[in-house]
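Asks: Got a structure for you, written out below as structure tokens; questions coming shortly.
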Amino acid sequence: MEFSCDRKTLANSIGIVQKAVSYKTTMPILKGIYLELKDDRLKLIATDLELGIEHEIEVDTRKEGNTVVDARLFSEIIRKLPDAEIDLTLKSDNQLNIKCQNSEFNIICHDPNEFPALPVVEEDYIYKIPQDLLKNMINQVIFATSQDVTRPVLTGALLEIENDILNMVALDGYRLALSRGKVESVLDNKVIIPAKTLSEISRIINEDDENMDIILTKRHALFKINNTKLITRLLEGEFINYKQIIPSEYKTKIRVRTRDLLNSIERASLVAREGKNNLVKLKILDGKIYISSNSELGEVKEEVFIELMGNELEIAFNSKYIVDALKVIEDEEIYIEFTSNLSPGIIKSTTSDNYTHLILPVRLS
């Protein structure tokens, strides 16, 4: 194997696939990146057996071949080389020679035959989704996935396609996040994507309306983004019926400026997070929402103007859950609906049904 390429291009490619490298594995081969050179195309692959990422770039090929290089060392070498053309040659003693201007490295490689092949995903039906839409949907729900590995289904997000509507849902037992988007499809589907996969997809895809492809099977999902393929194993199990959780009625409803509420709760949380449960109290009364929190270090009080529809209410929440939801909302104003101080608060858009955030309250003593 012998080729040359631009340093920045190679470094970017390594950065994309490196996200799937398994550094804690007992299998040394999984700590590497598989390189395959064919027809002036360099294919880079990494996998942890749950997630696999493949990326291709054009290079100047002099001799085709394949090998596996240590991901961390290879990445650091390429990242620290000068911004110039790099020459790479796999020598007969299974060492990869890397030359760039006045620098030269020789690194020991692994047998490429030991590297596990990525699953073959049959592309029977392709969903085409704008990259910016999927990125926004992921950002609106990813924070609500559970960290509790004893409930593996909740460590991912539900991807549900029904009647040309794409729903993405995550919940962790204390909150629920739902994001909606339109997608043209004649085939309904429902799968659970691991949170780690969604996080990596969000980093890779662009903030433009160019379409990307999604292929879903019973066991795997394949995401094709320009020159990158990302294959993930799906989470098995039945996702909670989230539609039954979201209340359809309310007794108190407020309209409030998103940024004003976010800023006030973030300030209140400076004191609240020093307490045991990160508690902020909300008192809805006479066209204002009074926000307060206290701990051993002190107390804080905030006031935000609102439009009130329905009953006055006093309720408490974990401030982190409210902040997480408000940070990903782009609307200038939102609705928040309440039934009682023991029922969840529901955050909705004032202009569409593109998202819904449900947050369970904390019982006031």
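Asks: What number comes out for the charge environment of Leu297, summing +1 per Lys or Arg and -1 per Asp or Glu over other residues with Cβ under 11 Å away?
Replies: Computed value for this residue: -2.
Asks: Determine, for the range 1-69, the count of lysine pairs separated by eight or more sequence positions (or lying on different chains) whose alpha-carbon distance falls under 21 Å.
Replies: So the count of such lysine pairs works out to 8.
Asks: I'm spelling it out carefully: the read-out is semi-axes √(5λ) of the Cα gyration tensor in Å, the candidates are (1) 38, 31, 17; (2) 47, 23, 18; (3) 30, 27, 25, and one was derived from this structure. Which label?
Replies: (2)
Asks: Continuing with the same structure: Ignoring everything except DSSP H segments at least 4 long, calculate the 222 nm mean residue ellipticity for the chain; use -39,500 (n - 2.57) per segment, divide by total residues, nearest 500.
Replies: After summing the helix terms and dividing by residue count, I get -5500 deg cm²/dmol.
Asks: Cα centroids of the range 36-60 and the range 78-102: how far apart, whole angstrom?
Replies: When both Cα centres are located, 17 Å separates them.
Asks: Report ³J(HN,Hα) in whole Hz for each residue of the range 57-64, in order, from the Karplus equation J = 6.51 cos²θ - 1.76 cosθ + 1.60 where θ = phi - 60°; Gly and Pro get x.
Replies: Once rounded to whole Hz, the list reads 9, 7, 9, 8, 8, 10, 8, 6.
Asks: Quick check on the range 106-163: take the gyration tensor over C-alpha atoms, sort the square-rooted eigenvalues as a ≥ b ≥ c, and tell me if it's rounded (a/c under 1.5), prolate or oblate.
Replies: Cα axes put the range 106-163 in the prolate bin.
Asks: Using Cα positions and a limit of under 20 Å, work out the lysines in reach of Lys182, with same-chain residues fewer than 8 apart set aside.
Replies: Lys128, Lys135, Lys190, Lys224, Lys243, Lys348
Asks: Report the extension gain between Asn106 and Leu342 in nm, rounded to one decimal, defined as 0.36 nm multiplied by the number of residues separating them, less their alpha carbon distance.
Replies: My answer for the length gained is 78.5 nm.
Asks: Take the chain, connect every pair of alpha-carbon atoms lying under 10 Å apart with a spring to form a Gaussian network, then pick out the residue of Val191, Val271, Val153 with the largest mean-square fluctuation.
Replies: Val271
Asks: Could you tally the net charge around Glu236, taking each other residue with its Cβ under 10 Å from the Cβ of Glu236, Lys/Arg +1 and Asp/Glu -1?
Replies: +2
Asks: Just subtract the alpha-carbon distance of Asp286 and Phe305 from 0.36 nm times their residue separation and send over the number in nm, one decimal.
Replies: 5.9 nm
Asks: Describe numerically, in nm with one decimal, the distance between label points set 7 Å from Cα along Cα→Cβ at Asp353 and at Glu207.
Replies: Spacing of the two 7 Å Cα→Cβ label points: 2.9 nm.
Asks: Straight distance only, please: which aspartates and glutamates reach the Cα of Lys91 with their own Cα at less than 14 Å, same-chain residues fewer than 8 apart left out?
Replies: Partners found: Glu2, Glu64, Glu104, Asp111.
None of the figures in this text is laboratory data; all of them are computed from the coordinates on show. Given the structure is predicted, the values throughout are model-derived calculations rather than measurements. Positions of Cβ are generated from backbone atoms using ideal geometry, with glycine treated the same way; all protein chains shown enter the neighbour counts.
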